[in-house]
1. Tell me, Kirkwood radius of the chain from alpha-carbon pair distances, in Å?
2. In deg cm²/dmol and to the nearest 500, what is the mean residue ellipticity at 222 nm of the chain if only DSSP H runs of at least 4 residues count, each as -39500 (n - 2.57), divided by the residue total?
3. Please get the size of the charge dipole for the stretch 4-115, origin at its Cα centre, with Cβ charges of +1 on Lys and Arg and -1 on Asp and Glu, quoted in debye to the nearest 20.
4. Note down the nm distance, to one decimal, between modelled labels 7 Å out along Cα→Cβ at Glu106 and at Arg149.
5. Could you order the peptides 133-139, 83-89, 112-118 from most to least packed, using the average number of other C-beta atoms within 10 Å per residue?
6. Given the whole protein assembly as supplied and a 1.4 Å probe, what does the accessible area of Arg80 come to in Å², nearest 10?
7. In the chain, how many lysine pairs have Cα atoms under 28 Å apart, counting only pairs 8 or more places apart or on different chains?
8. Using DSSP to define loop residues, name the chymotrypsin sites (Phe, Trp or Tyr not before Pro) in the stretch 1-99 whose beta-carbon has at most 11 other beta-carbon atoms within 10 Å.
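The values are calculated or read from the model by the stated rules, or taken from the named source; none is laboratory data. These numbers come from a predicted model, not from an experiment. Quick reminder, even Gly has a Cβ in these numbers, built from the backbone with ideal geometry, and neighbours come from all protein chains shown. Just so you know, the surface numbers come from the protein's heavy atoms only, side chains and all, with ligands and any DNA or RNA stripped out. Shrake-Rupley method; radii C 1.70, N 1.55, O 1.52, S 1.80 Å.
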Amino acid sequence: QLASGCRLSADECRALCGLKERGRVRALLLPESAGYEQNPICVYYCYDATGTDVACCVAEVTNTPWGDRVAFPFAPSGDRLPKPLHVSPMQDMRSSWSLRVKEPAETLHVRVDVTDHPDMGSFFVAILDARALPTVDDPELWGLFMPHRVALWIYWHALVLLARKGLSFYGHPKSAGAAEDYRDPARRAAMQQGWKACPVLASPVNGERPF
């Protein structure tokens, strides 16, 4: 059973992963607070029919502030695909995303690497290591304004990188007015590479292509 506020249903996650068994699906995301939600990435853990092992995962990525979205399946032990979404104005589209997760239990681990850039190679990594809390007296108070704080951190760090590190600024690809979806080259590249999950990437998700 997925928590409220998730953008993908359990059935949509299973369909993206090509799973026919109705195993449980767990979601890693920040809940809505004070009428606002901010989840740069949501991870969905799709279990097998026994409910004991994670068979496949789904990453749902949203960019701020443009509101574009992609969702794609990946193997929890590690998967890599051509970068399918413009996320940061400090990074262009000429790279790949590598994702690896640990099944959530008392501890939790998510790792995303930006790799295969023609000039910089592997140049960025984001890691989340978390530990389960035994109890939370007031969950709503505990997470109050957390989505707002995440949004502020995103913008603040972007300003610091631009102002103090002198990094290049890359505008959103769709601002160039291209006739095709700017995500299409990454989609085609993934299929040409024989990425195992490509056949399900054309499935509609809430009226949108998931990749």
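1. Values: mean 1/r = 0.0544 Å⁻¹.
Kirkwood radius, the chain: 18.4 Å.
2. Working: 4 runs with 40 residues, N = 211.
Value at 222 nm, helices only: -5500 deg cm²/dmol.
3. Details: 13 positive and 14 negative charges, 40 e Å.
That gives the stretch 4-115 a dipole magnitude of about 200 debye.
4. Once both label points are built, they end up 2.6 nm from each other.
5. Details: 133-139: 7.6, 83-89: 20.3, 112-118: 16.4.
Taking the mean over residues of other Cβ atoms within 10 Å, the ranking is 83-89, 112-118, 133-139.
6. Spelled out: Arg80, probe radius 1.4 Å, area about 120 Å².
7. Taking the chain as the scope, the lysine pair count is 10.
8. Numbers: sites: Tyr36, Tyr44, Tyr45, Tyr47, Trp66, Phe74, Trp97; in loops: Trp66.
In loop regions of the stretch 1-99 (DSSP not H, G, I, E or B), there are no sparsely surrounded chymotrypsin sites (Phe, Trp or Tyr not before Pro).
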